[in-house]
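Contents: one structure, followed by commentary.
The values are calculated or read from the model by the stated rules, or taken from the named source; none is laboratory data. If you're wondering where the values come from, they're calculated on a predicted model, not measured in any experiment. Positions of Cβ are generated from backbone atoms using ideal geometry, with glycine treated the same way; all protein chains shown enter the neighbour counts.
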Amino acid sequence: MRNACRARYAARKNKKMYLEKFRLEQRTAVVTGAGQGIGLACAEALAEAGARVVIADRDPKAAEAGRASLKTKGLSAEIITMDVTDSGRVREVADQLVSRYGRIDILVNNAGIARSETPAESVADEHWLNVIDVNLNGTFWCCRAFGKHMLDAKSGSIVNIGSMSGLIVNKPQEQCYYNASKAAVHHLTRSLAAEWGARGVRVNAVAPTYIATALNAFVKNTPHMYDAWIGGTPMARMGEVDEIASVVLFLASDAASLMTGSIVLVDGGYTCW
């Protein structure tokens, strides 16, 4: 008996188990707003790890461009048109994909908007509601629709894209509406994690710093803002999309099997000061 136990222990010890935890073969992943930027990088990371990836974007042309970009790297993805603010369409897509593939294992809620540089006293109702509708409501509609199927399967990983803006107040730009929406995404993440943790569904969030995307390209021509952003970052640079996607891959995979309700800062040290 002792020899048998030793043999089993030796087999486990010699097995290469850590990198395997990042593998996603036989899993289906949905990434919202994945036609470009952080979302597309997340789709690439998940596909590279072996997942079947679905790019869900409200813009069919952006989604097709994203899929074409993946194809040039030897990766494939399905595309589907979905506006995260349309709860009925979100539910329809979730049901459709589960019917087609049997289950959804991973959901990355990346779709979001900023609309910065408007003082609080000048924010119109439409402006406030638009940002909250996309960033918070859209995230919840997706969590609810896809989460129901994950709960039925007793398994799933949801990764929400939050922001360091949900933890600090950015400067010099004024964006109380964006900051509030991302803080809400963080607390939604914790709340869902608490509700669903014992039922097999993990919910985490990534909180990025300023990332070099088309959305932030303008800052290179705005010296006072660029100096504030970089001057406030110990690593003295903006982040890259792959640096966020790598953390999303970790949280989506079994390597993060004990993590739920975590808000993972990927901020180059910005929140240290």
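Computed values, structure above
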item: When residues of region 33-42 are limited to those that are surrounded by 24 or more Cβ atoms within 10 Å (Cβ to Cβ) and touching a residue at least 40 places away in the same chain (Cβ under 8 Å), the one nearest to Val84 (Cα to Cα); result: Gly33
item: In region 142-167, the residues that are closer than 30 Å to Met238 by Cβ and either surrounded by fewer than 20 Cβ atoms within 10 Å (Cβ to Cβ) or not hydrophobic (A, V, I, L, M, F, W, C) (or both); result: Ser157, Asn160, Gly162, Ser163, Ser165, Gly166, Leu167
item: Residue count for region 220-233, restricted to those that are buried (at least 19 other Cβ atoms within 10 Å of the Cβ) and either in contact with a strand residue (DSSP E or B) (Cβ under 6 Å, 6 or more places away or on another chain) or without any contact (Cβ under 8 Å) to a residue 24 or more places away in the chain (or both); result: 1
item: Positions within region 100-130 being assigned to a loop (DSSP other than H, G, I, E, B), of a type in the set (A, V, I, L, M) and in contact with a helix residue (DSSP H, G or I) (Cβ under 8 Å, 6 or more places away or on another chain), in sequence order; result: Ile104, Ala111, Ile113, Ala114, Val123
item: Unmet criterion (only one of (1) more than 23 Å from Gly147 (Cβ to Cβ); (2) under 17 Å from the mean Cα position of the chain (by Cα)) for Ala49; result: (1)
item: Residues (out of contact with any His (no Cβ under 8 Å at 6 or more places or on another chain), of a type outside the set (S, T, N, Q) and surrounded by fewer than 23 Cβ atoms within 10 Å (Cβ to Cβ)) located in region 168-187; result: Ile168, Val169, Lys171, Glu174, Cys176, Ala180, Ala183, Ala184, His186, His187
item: Where a residue in region 58-81 is hydrophobic (A, V, I, L, M, F, W, C) and its partner, wherever it lies, is part of a loop (DSSP other than H, G, I, E, B), with Cβ under 7 Å and at least six apart; result: Ala62/Gly35; Ala62/Gln36; Ala63/Gly35; Ala65/Gly35; Leu70/Ser76; Leu70/Ala77
item: Every residue from region 1-25 that is surrounded by 10 or more Cβ atoms within 10 Å (Cβ to Cβ) and modelled with pLDDT of 95 or more; result: Glu20, Lys21, Phe22, Arg23, Leu24
item: Any hit, region 108-122, residues being of a type in the set (Lys, Arg) and more than 18 Å from Ala194 (Cα to Cα); result: yes
item: Enumeration of residues in region 167-187 that are in a loop (DSSP other than H, G, I, E, B) and not aliphatic (A, V, I, L, M); result: Asn170, Lys171, Pro172, Gln173, Glu174, Gln175
item: Count of residues meeting criterion [crowded, with 19+ Cβ neighbours inside 10 Å, part of a helix (DSSP H, G or I) and among the hydrophobic types (A, V, I, L, M, F, W, C)] in region 66-86; result: 1
item: From Arg103, Arg89, residue being in contact with a strand residue (DSSP E or B) (Cβ under 9 Å, 6 or more places away or on another chain), free of Cβ contacts under 8 Å to residues at least 24 places away in the same chain and either surrounded by fewer than 17 Cβ atoms within 10 Å (Cβ to Cβ) or not aromatic (Phe, Trp, Tyr) (or both); result: Arg89
item: Residues within region 106-139 that are modelled with pLDDT of 95 or more and either surrounded by fewer than 20 Cβ atoms within 10 Å (Cβ to Cβ) or farther than 24 Å from Ile244 by Cβ (or both), tallied; result: 18
item: Restricting region 234-273 to residues that are acidic (Asp, Glu) and not in a loop (DSSP other than H, G, I, E, B), the residue that is surrounded by the fewest Cβ atoms within 10 Å (Cβ to Cβ); result: Asp242
item: Evaluation of Cys143 against (1) more than 29 Å from Arg27 (Cα to Cα); (2) assigned to a helix (DSSP H, G or I); (3) at pLDDT 95 or above (one fails), failing number; result: (1)
item: Positions within region 199-219 being under 25 Å from Met17 (Cβ atoms) and surrounded by fewer than 18 Cβ atoms within 10 Å (Cβ to Cβ), in sequence order; result: Gly200
